[in-house]
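Chemist: Just passing along the structure, written as structure tokens.
The values are calculated or read from the model by the stated rules, or taken from the named source; none is laboratory data. The model shown is predicted, which means the values in this text are computed figures rather than measured ones. As a convention, Cβ positions derive from the backbone with ideal geometry for all residues, glycine included, and neighbour counts pool all protein chains shown.
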Amino acid sequence: MHAGKMRSAFLMAASALALTAMTGVAAAKDVTLRLTAKEVALPVDNKGTTQLSWTYEGQMPGPVLRVTEGDRVTIVLTNDKNNKNSHSIDLHAARVDVLSEFESVKPGESKTFSFVTTYPGAFYYHCGSDPMYQHIARGMFGVILVDPKDPKALPKADREYVLVQSEIYNNPDDTHSIMKSDWKHVVFNGVAFKYDPVHDPAATKTLVAKPGERVRVYFVNAGPNEVSSFHPIAGIWDAVYPSGNPKNKMNGMQSFLVGPGDATTFDLISPAPGANVIVDHVMPHAHSGAMAVIMFSDDADPKMGRGDNILVR
Ligand code: CU
Ligand code: CU
């Protein structure tokens, strides 16, 4: 390279760095995310009743993927050779060609594709292989968070939780029952009443926070069929951001409809110690499993809702 050109390239790189330091705006990165599709038995209630699930990484929901707006994301999807079905990944955070990037991968094969994240927010990802409603009903879904490149775009959260709503079917081999939406439970994070010892004494966990803390809930409705009227019993959403985009801010909301295939970010602050119950206010959904207790107390476990523990397993 010509010395003058090299010098100006260096100056440009240096000024980009200086800009990052001055504004706090994150510089774009290359991020590679590897996921393996696994067909495994997983519990669907607190008693431990299991069901053959189709998953990413053997978990329902799959791993929380987290990147920053502007990042170039490379997805490497492997379909485990022991699986019986083809699988794929459809990320709502990507703008690509459905026929190429989101195509199905056979057992024992892999697929790699890339995209640049252009909108910040909370986005749904799921398997799109045929029949898509069955792959979703069996558990092939998760959340990809695209944090805004400007960290001041949202007020700082003291704790963060991921809740993914979905339906559990008695016999997910019966595709007809899924098309008729003849579900048995509507659940958060794969298990009926997972965080609700009030309605199910077999539950062992609740979500936690301290009074006054800003609790951010990233909520995805995986469906495949039912809408969610997302409400904190005995609380009010301080802020609601449809699709998790900071520009979509609503204030002081009681319930907010999130359809299947959609996501919304909710901020909750409790002024006093006590409990709220986060529910899908559609009553058959709540009372079949879509309720989660959040306990507000001054001695709340500092590790919950932070770091790798925002989707409580
Ligand atoms: Cu699948
Ligand atoms: Cu989708």
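Chemist: Being surrounded by fewer than 21 Cβ atoms within 10 Å (Cβ to Cβ) and over 21 Å from M295 (Cβ atoms) is the filter here, so list the residues in the range 226-239 that pass it.
Modeler: Scanning the range 226-239 gives E226, V227, S229, A239.
Chemist: Here is a further query. Can you list the strands (runs of 3 or more DSSP E) found entirely within the range 136-215 that contain at least 1 residues being modelled with pLDDT of 95 or more and within 16 Å of ligand 1 (Cβ to nearest atom)?
Modeler: Where strands (runs of 3 or more DSSP E) fall fully within the range 136-215 and carry at least 1 residues being modelled with pLDDT of 95 or more and within 16 Å of ligand 1 (Cβ to nearest atom), they are 141-147, 159-168.
Chemist: Quick test of your reading of the structure: V187 fulfils all but one of (1) of a type in the set (V, I, T); (2) touching a Ser or Thr at 6+ places or on another chain (Cβ under 9 Å); (3) within 16 Å of ligand 2 (Cβ to nearest atom). Name the failing condition by number.
Modeler: For V187, the failing item is (3).
Chemist: If a residue has to be under 19 Å from F266 (Cα atoms) and of a type in the set (K, R) to count, how many in the range 136-148 make the cut?
Modeler: Here the count works out to 0.
Chemist: Hey, another quick one. Among Y119, Y124, Y133, which is aromatic (F, W, Y) and surrounded by fewer than 16 Cβ atoms within 10 Å (Cβ to Cβ)?
Modeler: Step by step, each of Y119, Y124, Y133 is checked, and only Y119 is aromatic (F, W, Y) and surrounded by fewer than 16 Cβ atoms within 10 Å (Cβ to Cβ).
Chemist: Could you grab the pairs with beta carbons closer than 6 Å, sequence gap of 6+ or different chains, first residue in the range 110-122 and in the same structural domain as F141 (by TED's automatic domain parsing), second one of a type in the set (G, A, S)?
Modeler: F115/A94; T117/A93; G121/S243; G121/G244; A122/G244; A122/A263
Chemist: Scanning the range 69-94 for residues that are touching a helix residue (DSSP H, G or I) at 6+ places or on another chain (Cβ under 9 Å) and polar (S, T, N, Q), which turns out surrounded by the most Cβ atoms within 10 Å (Cβ to Cβ)?
Modeler: S88
Chemist: Which of (1) part of a loop (DSSP other than H, G, I, E, B); (2) more than 30 Å from N245 (Cβ to Cβ); (3) away from ligand 1 (no atom under 14 Å from the Cβ) does L42 not meet, given it meets every other one?
Modeler: (1)
Chemist: Looking only at the range 190-204, how many residues end up being of a type outside the set (K, R) and surrounded by 20 or more Cβ atoms within 10 Å (Cβ to Cβ)?
Modeler: Total satisfying the criteria: 7.
Chemist: If L52 meets every condition in (1) modelled with pLDDT under 95; (2) closer than 20 Å to P131 by Cα apart from one, which number is that one?
Modeler: Every listed condition holds for L52 apart from (1).
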